[in-house]
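Accompanying notes for the structure given below.
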Amino acid sequence: MPLSETLARVDADLDAGRVPVARQRLRGLVSSFPDDLTLRRRLAEVYRLYGDAAEAGRWMYLEEDRDADETVAFEARYGSPAWRMKALAWRGPEAKAGTVFAEKQLAAVRTACAEELGHAVDWDNPGSYEDGLEDAYEEPPAEPWTVGSVLAAGGCLVAALAFLAVWVYGLVALFD
C-alpha cells in the first residue's frame, strides 16, 4: 500500500477514535521508512494522546523542537545508549537523517554506545550493540500489594471456585 494511502487511513482512524489502530499503522510506517522524520513526529503525536511522554520523546528524539520533559522520560526509560539505539529503530547511515540536528543526535547515541561497550557499533547491525542490552535495562520493582489488588484476586478466586463447583455439580447430576 502506498505511503499516502496508509497516511490517509491513519487520519481516518484518528478521526474515528481508533487510536491504537492508527498507532500500529504509524509504527509499521516508521519501520518501513526509518529515516522519515515526519512519520516519527506523527507517531509521537499519537503517543501524546495516550499521555506516554517517554514514547513521545522516543519518536521526537531526532527533532530539534522536541519537548525537554519527553526527552528526559525517554532517556530514563531507555537508560543506556544501547537501549536507545534499539528504541530509535534507525537503519542506515546517519547522513540520511535529513537534518543536521538529527544526524548529530544519532551520532551521539552511537558514539556513547560504542564507548560504553568498548567496540564499534553500527545502526545496520543490531548485533553490534545488543550485547549491551542485557545488563543495561532493569525491570522496575514490583508494586506492593494493595487492599484493592488483594480483593480483586480474592474475587477472581471465588468466581473460579464457584464456576468449578457448578460444573462438578452438573457433572454429578448428569450421571445420577
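The values are calculated or read from the model by the stated rules, or taken from the named source; none is laboratory data. Keep in mind the model is a prediction, meaning the values are calculated, not measured. Here the Cβ is made from the backbone with ideal geometry for all residues, glycine too, and neighbour counts use every protein chain on show. These area figures cover heavy atoms from the full protein model, side chains too; ligands, DNA and RNA do not enter into them. Shrake-Rupley method; radii C 1.70, N 1.55, O 1.52, S 1.80 Å.
Below are the figures for this structure:
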| read-out | value |
| --- | --- |
| Residues that are open to solvent by less than 70 Å² (accessible area, probe 1.4 Å), in a helix (DSSP H, G or I) and of a type in the set (G, A, S), drawn from region 1-24 | A8, A12, A22 |
| Flag if R27 is in a helix (DSSP H, G or I), within 27 Å of G79 (Cβ to Cβ), open to solvent by less than 60 Å² (accessible area, probe 1.4 Å) and in contact with a helix residue (DSSP H, G or I) (Cβ under 8 Å, 6 or more places away or on another chain) | no |
| Residue within region 107-118 that is under 18 Å from Y47 (Cβ atoms), out of contact with any Pro (no Cβ under 9 Å at 6 or more places or on another chain) and in a helix (DSSP H, G or I) present | no |
| Residue match in region 51-59 (condition: assigned to a helix (DSSP H, G or I) and more than 13 Å from the chain's Cα centre (by Cα)) | no |
| Output for region 76-104, where each listed residue is in a helix (DSSP H, G or I), touching a residue at least 40 places away in the same chain (Cβ under 8 Å) and open to solvent by 30 Å² or more (accessible area, probe 1.4 Å) | W83, K86, K96 |
| Flag for P34 being within 19 Å of V109 (Cβ to Cβ) and surrounded by 19 or more Cβ atoms within 10 Å (Cβ to Cβ) | no |
